[in-house]
1. Test Leu56 against the stated conditions and say whether it is at pLDDT 90 or above and in contact with a helix residue (DSSP H, G or I) (Cβ under 6 Å, 6 or more places away or on another chain).
2. Taking the residues in segment 103-137 that are acidic (Asp, Glu) and modelled with pLDDT of 90 or more as candidates, determine which candidate is most open to solvent (accessible area, probe 1.4 Å).
3. Could you run through segment 104-130 and say how many residues are β-branched (Val, Ile, Thr) and in contact with a Ser or Thr (Cβ under 7 Å, 6 or more places away or on another chain)?
4. Can you say whether Asp272 is surrounded by fewer than 18 Cβ atoms within 10 Å (Cβ to Cβ), at pLDDT below 95 and at negative phi, as far as the supplied structure shows?
5. Go through (1) of a type in the set (A, V, I, L, M); (2) over 19 Å from Ile8 (Cβ atoms); (3) open to solvent by 20 Å² or more (accessible area, probe 1.4 Å); (4) touching a Ser or Thr at 6+ places or on another chain (Cβ under 9 Å) for Ala154 and report which single condition fails.
6. Looking at segment 222-235, which of its residues are surrounded by 20 or more Cβ atoms within 10 Å (Cβ to Cβ) and of a type in the set (Val, Ile, Thr)?
7. Hey, does segment 200-212 have a residue that's in a helix (DSSP H, G or I) and modelled with pLDDT of 95 or more?
8. I'd like to verify a number: residues in segment 138-151 that are open to solvent by 70 Å² or more (accessible area, probe 1.4 Å) and among the β-branched types (Val, Ile, Thr), how many?
Amino acid sequence: MFDDEREINELGISELVVSVPYMLGFFPQDVVIVIPCRESYPLHLNLAVRMDLSDLLSAAVRPEQLLSAVTGRGWDLVVLLVVGGGCRPDRDGLPHRSLVARFSELLVQRGIAVACSLWVPEIREGIEWIRYCDIPVATGRLGDPRVCQMAALAVTEGRVTYDRVQDFLDAFKPDDEVALDRRLALLAHLDMPRQASTDPSTEAFYASMDLVDNAVQAAGQGTLPNDDPDIVGLATALADPLVWTTSVRFAYTKDWLAAVQLWLHLTRSLPDRHRVESAALLAITAGLNGETELARLAARHATEADSDREIVTCFVDPLQYGVFPSWMSGVLRYLAKKAIKHVLESVGELTD
């Protein structure tokens, strides 16, 4: 299964591997990673999809489950990377060779070629990588992850890359219970409706739209809401289905990173079911922009908050591995445009 892989020079493979933490948001360990790439040199990378080796080896999940999630996205070339799971230095005895062969077989059956499959014990400068195939450049050493192109991009965009997956998970830790209880009491006092949209020709609707827009712009400047009334006000605004749908548009704009910061902050700051809207927006925005681990974690939080909500069953459930089916991006863009059009038409009616 490894005979058709590409020849890639040592520098190219090193750059590929050390880029992975910046695509995931943390330095992974004991995982299998599928990295889609373009048929070009150097390989063009923009996202990575992860499965834990422990889940695969215990048969808790099967390779087919991951590949079902990535099939139909228009990918025709991928890299398979195993990080950890053993320490054998000889190529014939590489850890999880049969598992990688199975992944390769399934990918080829789906019309996706494997450009490169390789193993590293960890992602750190000077660590040896070894390819599963027998080609001239079959082993080498990793460069410094801190100076790769992906690292520079992450710094430019202000994205944090954690040393451990647990540190990444801790970014979702909710606020202290006292603060959450205060906000829950405020939300209960408002007794807001959660399924009906406000008439978009009313001042109340415009106030909600402005509140969300201003909060995203402020997040882009490094300012997030911390006062209870501000947080509760944003929760109330996003509980309006029309406001929520128009807020999907941020995923398609230059403000998507600012929106991610705001949605994450609200997800941590809101209690119980009241965080489902922000968590769903976070999952969608991250998923549409290649932030696979952030998307899958946000999807989990949205499901825990309210698994029966339509925004969860329709738009969040497909994000088990942080990637949408290829058609979903078009659907979400259409819904956001339709909602905005409805608002603009209402403005016209009001003006007339």
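1. Here the answer is no, as Leu56 does not meet what is asked.
2. Glu125
3. Total meeting the criteria: 2.
4. Values: surrounded by fewer than 18 Cβ atoms within 10 Å (Cβ to Cβ): yes; at pLDDT below 95: yes; at negative phi: no.
No.
5. Result: Ala154 fails condition (3) only.
6. Ile231, Val232
7. yes
8. Looking only at that region, the number is 1.
The values are calculated or read from the model by the stated rules, or taken from the named source; none is laboratory data. Note that the coordinates shown come from a computational prediction; the quantities given were computed from them, not determined experimentally. Virtual Cβ from ideal backbone geometry, glycine too; neighbours counted across all protein chains shown. Quick note on the areas: whole protein, heavy atoms, side chains included, nothing else; ligands and nucleic acids left out. Shrake-Rupley method; radii C 1.70, N 1.55, O 1.52, S 1.80 Å.
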